[in-house]
Amino acid sequence: MNRWKSAGTSYAGAALLAAAFFIIWEAGARWYDTPYILPAPSAVLQRLWELADILFLVHLPATLLVIVTGLAVSIVCGVGIAVLMSRSRAVEKSVFPLLITSQTIPIIALAPIFVLWFGYSMWSKVAVTVLITFFPITVGAFDGLRAASKDMEDLLRTMGAGSWQIFRKVQVPMALPSFYSGLKVAVTLSVIGAAIGEWLGADAGLGYFSRRMMTQMDAAGVFAPIVLLSLLGIGLFLGVKAIEYATTKRGGRRS
Amino acid sequence: MNKRYRPEHQETALEFRDVTYTHKGSQSAIFQHVQAEVKQGEFVSLLGPSGSGKSTFFRLAAGLSHPDQGTVFLHGSVPETRLGRVGYMPQQDLLLPWRTILENGMLPLEINGVPKKEAAHNVSAHLKAFGLDGVENQYPHELSGGMRQRVSFLRAVVGGSDILMLDEPFSALDSITRFMMQEWLLEQWQMAGQTLIFITHDIEEALFLSDRILLFTQPPIEGRFTEITVPLPRPRKENARDHPELLKLKRELINRMRGEGGII
Ligand SMILES: Nc1ncnc2c1ncn2[C@@H]1O[C@H](COP(=O)(O)OP(=O)(O)OP(=O)(O)O)[C@@H](O)[C@H]1O
Ligand SMILES: [Mg+2]
């Protein structure tokens with residue numbers, strides 16, 4: 001009850017700040033009065049309303065498909081690599097440096113190559129999304145898997161547990177909080193990854209649409225899909241939180 | 001009321017025969033040709049300074065480590081693996097924080113393939129005796145230290161092995177809770193009659209609880225342990241703490257450990 005109250009006040013602060021920001025923006029845009037450079041928030045909303053059909057029915061689904069596919073690939077590969085690394089020091093030693101190196105690659109520079117390889121198909125965008133999201137997922141899962149204490153594993157061994165039982169009953173539950181932290185970072189990045197991919201070469205998607213509006217000097221039209229992208233990121237984040245809440249038991253949660 | 005037979009008439013539950021053990025990567029041995037046995041139904045304490053090899057003794061007995069030389073017998077024979085044959089209660093309670101008390105108790109049963117329903121039923125039957133009635137659906141962090149130790153003990157008991165090893169189970173408790181837990185443990189043991197091997201740093205605790213105390217000195221330990229038999233009758237009650245015999249033994253123990261340069 002107390003927690004709700006304090007959550008309420010902290011969110012109230014954020015809402016207040018956001019409201020102030022939008023009011024200043026609105027006022028500034030009206031005063032400046034050059035909508036093709038600085039559209040007012042109200043103009044963006046209006047444009048969003050006008051473009052709703054094509055945005056919601058064509059471009060949002062296209063982007064969502066890229067994000068979901070990219071995240072799925074990242075989760076499967078990232079968790080797989082994390083499990084292998086946690087099982088074998090040799091794998092960890094040879095794979096981890098490569099993982100880190102992969103993160104130093106400027107993705108914007110690499111994205112055109114993906115377009116070259118995969119064409120304008122969905123897969124070039126998926127590749128960018130994977131490259132940007134699998135690192136936090138892998139590291140989160142790996143750290144979590146290593147968090148299980150040796151003592152706990154030994155205790156289970158004295159009960160006669162095999163390594164699969166130790167994995168399922170200790171390591172996995174222990175790894176979940178850290179895995180979800182990584183996943184939360186990854187879902188917000190996935191929106192950026194998909195948008196970058198679509199900017200660089202696509203025939204559908206919110207990033208692509210935003211760029212097309214740019215060529216038409218329609219600033220409000222550039223912002224409208226960006227608003228949707230940002231809402232998408234928030235939605236995905238909340239989705240992960242909900243899954244986390246459902247799959248980790250109360251006792252495991254920090255209060 | 002006491003299901004136990006006199007220990008001296010009993011079979012050996014655990015025997016170390018000529019055990020030599022050196023930690024991997026370590027120069028000096030912890031045990032050299034060590035010989036020790038624990039009778040069925042006996043309460044034996046391992047007493048000694050930090051680093052003297054008490055936990056190592058447990059790991060060897062439980063099958064987590066293997067002797068370089070010599071043999072560990074359980075009930076007179078050498079099982080394929082000792083893992084899963086000896087109940088172990090660690091120093092920290094090591095309860096799984098994402099499991100309720102009931103689910104924590106069910107862990108050893110689940111591992112041995114007992115169906116969940118049956119496991120839950122089995123654990124529930126013990127809750128009352130362990131003073132855990134009504135908290136079975138709470139999580140470990142909601143319980144006091146003494147209660148968590150009882151859950152940990154419950155978990156070791158539920159596993160069903162008749163040899164239980166307790167590694168400093170009460171060392172993290174305040175002295176009042178600790179006294180109550182000692183008495184409670186004696187009661188439980190006097191009813192169920194398992195073989196109990198108990199590590200402690202506390203001389204009074206060892207004297208009050210045990211039939212026999214094995215003294216651990218600075219490693220390497222060679223041959224037989226120095227041994228003290230506590231002559232008090234069973235069942236022991238709280239007032240046995242002040243028995244003159246115990247005070248005398250305590251004095252003697254302290255002197256002996258001083259002589260050996262051990263620090264407890
Ligand atoms: N995994 C290990 N590798 C190398 N040496 C170890 C290892 N575990 C313990 N030792 C050493 O073996 C000796 C005995 O350790 P052990 O844990 O058995 O002592 P203990 O009597 O249980 O001490 P305490 O009362 O502090 O728990 C110590 O000197 C310790 O440093
Ligand atoms: Mg120890």
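The values are calculated or read from the model by the stated rules, or taken from the named source; none is laboratory data. This is a predicted model, so every value here is computed, not measured. Cβ: placed from backbone, ideal geometry, glycine included. Neighbour counts: every protein chain shown.
Tabulated data
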read-out	value
Neighbours by Cβ (under 7 Å, 6+ apart or cross-chain): first from region B:157-177, among the small types (Gly, Ala, Ser); second within 13 Å of ligand 2 (Cβ to nearest atom) and at pLDDT below 85	B:Ser171/B:Gln91
Residue check, A:Lys93 of a type outside the set (Asp, Glu), out of contact with any Pro (no Cβ under 6 Å at 6 or more places or on another chain) and within 20 Å of A:Val73 (Cβ to Cβ)	no
Any hit, region B:212-221, residues being β-branched (Val, Ile, Thr), in the same structural domain as B:Arg59 (by TED's automatic domain parsing), touching a Phe, Trp or Tyr at 6+ places or on another chain (Cβ under 7 Å) and crowded, with 18+ Cβ neighbours inside 10 Å	yes
Among (1) in a helix (DSSP H, G or I); (2) away from chain A (no Cβ under 14 Å); (3) within 16 Å of ligand 2 (Cβ to nearest atom), the one test that B:Gln190 misses	(3)
Those strands (runs of 3 or more DSSP E) lying entirely in region B:1-92 with at least 1 residues more than 26 Å from B:Arg150 (Cα to Cα)	B:12-21, B:31-39, B:69-74
Members of region B:67-84 that are more than 8 Å from every other protein chain (Cβ to nearest Cβ) and either in contact with an Asp or Glu (Cβ under 6 Å, 6 or more places away or on another chain) or touching a residue at least 24 places away in the same chain (Cβ under 8 Å) (or both)	B:Pro67, B:Asp68, B:Gln69, B:Gly70, B:Thr71, B:Val72, B:Phe73, B:Leu74, B:His75, B:Gly76
Any hit, region A:129-150, residues being closer than 30 Å to B:Arg59 by Cβ, surrounded by fewer than 17 Cβ atoms within 10 Å (Cβ to Cβ), touching a Pro at 6+ places or on another chain (Cβ under 9 Å) and modelled with pLDDT under 90	yes
Tally of residues being away from ligand 2 (no atom under 16 Å from the Cβ) and away from chain A (no Cβ under 14 Å) across region B:45-66	0
B:Leu64 vs. criteria within 14 Å of ligand 1 (Cβ to nearest atom), without any contact (Cβ under 8 Å) to a residue 60 or more places away in the chain and under 14 Å from the mean Cα position of the chain (by Cα)	no
Extreme residue, nearest to the chain's Cα centre (by Cα), among residues of region A:8-35 that are of a type in the set (A, V, I, L, M, F, W, C) and under 20 Å from A:Asp218 (Cβ atoms)	A:Trp25
Count of residues meeting criterion [away from chain A (no Cβ under 14 Å) and either assigned to a loop (DSSP other than H, G, I, E, B) or buried (at least 22 other Cβ atoms within 10 Å of the Cβ) (or both)] in region B:124-148	8
Residues of region B:195-235 satisfying the condition of being outside any loop (DSSP other than H, G, I, E, B), more than 16 Å from ligand 2 (Cβ to nearest atom) and farther than 17 Å from B:Val38 by Cα	B:Ile203, B:Glu204, B:Phe208, B:Glu222
Qualifying residue in region B:114-121 (condition: more than 30 Å from B:Asp18 (Cα to Cα), facing chain A (nearest Cβ under 10 Å), over 18 Å from the mean Cα position of the chain (by Cα) and loosely packed, with under 15 Cβ neighbours inside 10 Å)	no
Helices (runs of 4 or more DSSP H) completely within region A:68-151 that count 1 or more residues being within 14 Å of chain B (Cβ to nearest Cβ)	A:122-147
Residue identified as at pLDDT below 95 and within 16 Å of ligand 1 (Cβ to nearest atom) among B:Gly51, B:Gly84	B:Gly51
